[in-house]
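Inspection log for the structure reproduced underneath, given as structure tokens.
No lab work stands behind these numbers, since they all come straight from the coordinates. Fair warning: this is a prediction, and the values are worked out from it, not measured in the lab. So basically every Cβ, Gly included, is an ideal-geometry build from the backbone, and we count neighbours across all protein chains shown.
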């Protein structure tokens with residue numbers, strides 16, 4: 001999946017992937033997508049909760065080779 005912006009959060013632990021994603025989304029336009037690649041397994045749950053709390057749409061979540069990929073669509 002092609003995203004408008006990609007954020008590398010590998011090696012970062014909670015809450016840094018969420019904080020960096022929040023900052024990146026703030027600079028994006030409504031409807032644009034942000035792909036976040038994280039190695040922290042807690043980021044899967046964190047991004048689910050983040051999407052619910054902020055109204056951004058969680059388009060995709062998958063784990064590939066130990067990397068947790070979350071794609072968010074800016075509200």
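Before moving on, here are some points about what is shown:
- Among the residues of region 26-51, those that are under 17 Å from residue 2 (Cβ atoms) and within 11 Å of the chain's Cα centre (by Cα) comprise 33, 34, 35, 36, 37.
- When restricted to residues that are under 11 Å from residue 72 (Cα atoms) and either in contact (Cβ under 8 Å) with a residue 60 or more places away in the chain or part of a strand (DSSP E or B) (or both), region 8-60 contains 8.
- Count of region 52-66 residues, restricted to those that are farther than 19 Å from residue 10 by Cβ and either more than 9 Å from the chain's Cα centre (by Cα) or loosely packed, with under 13 Cβ neighbours inside 10 Å (or both), is 7.
- Of the residues making up region 61-75, those that are in a strand (DSSP E or B) and over 15 Å from residue 3 (Cα atoms) are 63, 64, 67, 68.
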